[in-house]
């Protein structure tokens, strides 16, 4: 087993922490832009007496949801990913550890 994977260096930890923080910051910016743009679209749609703004809300909202799922559950450092890695470590160690 590679000791670098079992005990990452402080440089590796720093690199992963910065990558994870950057990914999460990207999602926060994405969410902020989603809210601001869609508030404008809803206001425009309502001022014209239409309800078409629901379509970009739903479509873009799905994209935002998928982006968030990747960041918090699937990507390295996400809770789902971490559980899978831990399960594989236990399997490779024969269930011990």
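The values are calculated or read from the model by the stated rules, or taken from the named source; none is laboratory data. These numbers were taken from a predicted model, which means no experiment stands behind them. Here the Cβ positions follow ideal geometry from the backbone for every residue, glycine too, while neighbour counts run over all protein chains shown.
Restricting attention to the stretch 8-25, does a residue exist that is at pLDDT below 95 and outside any helix (DSSP H, G or I)?
Checking the stretch 8-25: at least one residue is at pLDDT below 95 and outside any helix (DSSP H, G or I).
Go through (1) farther than 30 Å from residue 17 by Cα; (2) in a loop (DSSP other than H, G, I, E, B) one by one and return the number of the condition residue 76 breaks.
(1)
For residue 63, only one of the following conditions fails: (1) in a helix (DSSP H, G or I); (2) free of Cβ contacts under 8 Å to residues at least 12 places away in the same chain; (3) more than 22 Å from residue 81 (Cα to Cα). What is its number?
(3)
Out of the stretch 73-85, which residues are touching a residue at least 24 places away in the same chain (Cβ under 8 Å) and surrounded by 14 or more Cβ atoms within 10 Å (Cβ to Cβ)?
Answer for the stretch 73-85, where residues must be touching a residue at least 24 places away in the same chain (Cβ under 8 Å) and surrounded by 14 or more Cβ atoms within 10 Å (Cβ to Cβ): 75, 77.
For residue 61, are the conditions met, namely being within 30 Å of residue 16 (Cβ to Cβ), surrounded by 11 or more Cβ atoms within 10 Å (Cβ to Cβ) and either more than 17 Å from the chain's Cα centre (by Cα) or modelled with pLDDT of 95 or more (or both)?
Yes; evaluated as a whole, the condition is true for this residue.
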